[in-house]
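Student: Next up is a structure, given as structure tokens.
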Amino acid sequence: MEGRTNEFQKSNREPRVNRVTSRDGEEPAEVARFLHQLVTEVARVHRGDSRTAFPLNRCSPEELAAALPKWKRFLDLAMVTLLLPVWLPVMTLIALWVAVTSPGPIFYRQPRIGFKGRRFMLIKFRTMKVNAETHIHEAYLEHLIVSDRPMIKLDATGDPRLILGGKFLRATGLDELPQLFNVLKGEMSLVGPRPCTVGEYERYAPEQRARVNALPGLTGLWQVNGKNRTTFRQMIEMDIFYSRNISLSLDLKIILRTLPAIVVQFFDSVQPLPRSGAQPTPPVKT
């Protein structure tokens, strides 16, 4: 269960990337601006330019070096660059789909908790209708934190707040693709704990906050070890284990197991898991 809070903030408080109105031509223009910024940043990385088009996250060099070793940063940039011909067309099609099927922003930005508890703005494709209520997700998340039940998403039972195709985007993780921006900025890595919401982090016990001692990632040990089949406690344990055992071999294993895990997650969304109680703790595979 990924906590989601206030996906749809007022447009007058959102950065320009979040503003897409229903006027003719706005949707394609928004997609074009996004793609231009994306290609510019990838080209900068490919040239080896030390400057960044984005604001740097506020970590000391020593802290960032511990959470993001040189090999890890190289792996992130190399994979994002080499796979550009794959994910760029996919992101373009998804952006157009959201623009055509649902009035409102194509993307949304949300404050998340990153390395050492620092906040950053995470970007995703919008998968819910504009002005959809979020208190249901918040209450459900709070229940999962205090209970010992599998973290099944509300999407599994059908959510009328989702846009057309939204359930598919969320089940396959395609709505998370814009977070490649966050990876390029150094706020996230390809592998690491999922960045939690501010509200979720505030509910953590002191020992649970150790999960933010690693840079957050697009995929991670929890995602390839059951994800929605696991409990909140098991997720925390896996994320803390990863933060204490970061290595190239572990990252490569997680990356290789991500696609099979997404396939399993998708079929789980088609055939929801029972909510009657917690599943046995899955072995942590490394």
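Student: Roughly how many Å² is the accessible area per residue of region 159-233, as a whole number, for a 1.4 Å probe? Provide the component values of the computation, followed by the final result.
Tutor: Details: 2080 Å² over 75 residues.
Using a 1.4 Å probe on heavy atoms only, each residue of region 159-233 averages 28 Å².
Student: By the gyration tensor of its Cα atoms, with a ≥ b ≥ c the square roots of the eigenvalues, what is the shape of region 211-273: rounded for a/c under 1.5, prolate for a/b over b/c, or oblate? Intermediate values should be presented prior to the final figure.
Tutor: Working: a/c = 2.79, a/b = 1.48, b/c = 1.89.
Here region 211-273 falls in the oblate category.
Student: Quantify how much of the Cα-Cα distance distribution of region 174-244 extends past 19 Å, in percent. Please list the in-between numbers first.
Tutor: Details: 783 of 2485 pairs.
Here the long-distance tail beyond 19 Å is 32 percent of all Cα pairs in region 174-244.
Student: For a 25 Å ceiling on Cα separation, which of these pairs sit above it: Lys70/Lys227; Lys72/Lys129; Lys167/Lys253; Lys124/Lys185; Lys116/Lys185; Lys116/Lys167? Don't skip to the end; give the middle numbers.
Tutor: On the way: Lys70/Lys227 28 Å; Lys72/Lys129 36 Å; Lys167/Lys253 27 Å; Lys124/Lys185 15 Å; Lys116/Lys185 16 Å; Lys116/Lys167 32 Å.
The answer is Lys70/Lys227; Lys72/Lys129; Lys167/Lys253; Lys116/Lys167.
Student: Using 7 Å Cα-to-Cβ label points, what is the Leu259/Leu82 separation (nm, one decimal)?
Tutor: 1.3
Student: Then there is this: Provide the net charge surrounding Ala210, with neighbours chosen by a C-beta distance below 14 Å and charges set as Lys +1, Arg +1, Asp -1, Glu -1. Working shown, then result.
Tutor: Values: positive: Lys116, Arg209, Arg211, Arg233, Arg244; negative: Glu207, Glu237, Asp239.
Charge balance in the 14 Å sphere: +2.
Student: Using the Karplus curve 6.51 cos²θ - 1.76 cosθ + 1.60 with θ = phi - 60°, work out ³J(HN,Hα) for each residue of region 94-107 in order, rounded to whole Hz, and write x for Gly and Pro.
Tutor: My calculation for region 94-107 gives 5, 4, 5, 4, 4, 5, 7, 8, 8, x, x, x, 7, 10 Hz in order.
Student: Please give the FRET efficiency for Val100 paired with Arg203, using the beta carbon to beta carbon distance and R0 = 41 Å, rounded to the nearest 0.05. Can you show the working numbers first?
Tutor: Details: r = 38 Å, r/R0 = 0.92.
E(calc), rounded to 0.05, equals 0.65.
Student: So what's region 139-268 giving for Cα Rg divided by 2.2 N^0.38 Å, two decimals?
Tutor: On the way: Rg = 14.6 Å, N = 130, 2.2 N^0.38 = 14.0 Å.
With N residues counted in region 139-268, Rg over 2.2 N^0.38 Å equals 1.04.
Student: Residue by residue through region 71-88, what is 3J(HN,Hα) from phi via Karplus (6.51 cos²θ - 1.76 cosθ + 1.60, θ = phi - 60°)? Round to whole Hz and write x for glycine and proline.
Tutor: 5, 6, 5, 4, 4, 4, 5, 5, 5, 4, 6, 5, 8, 3, x, 8, 7, 5
Student: Right, another one. List the residues whose amide H sits under 5 Å from the amide H of Ser189, counting only those 5 or more places along or on another chain, with H placed 1.01 Å from N in the peptide plane.
Tutor: HN-HN under 5 Å from Ser189: Gly217, Leu218.
Student: Shifting gears a bit: With contacts defined as alpha carbon pairs under 8 Å and 6 or more residues apart, what's the relative contact order of region 150-224 in percent?
Tutor: On the way: 55 pairs, mean separation 23.2, N = 75.
31 percent.
The values are calculated or read from the model by the stated rules, or taken from the named source; none is laboratory data. On a predicted model such as this, the values are computed, not experimentally measured, just so you know. As a convention, Cβ positions derive from the backbone with ideal geometry for all residues, glycine included, and neighbour counts pool all protein chains shown. We work out accessible area using only protein heavy atoms, side chains counted, and drop any ligands, DNA or RNA first. Shrake-Rupley method; radii C 1.70, N 1.55, O 1.52, S 1.80 Å.
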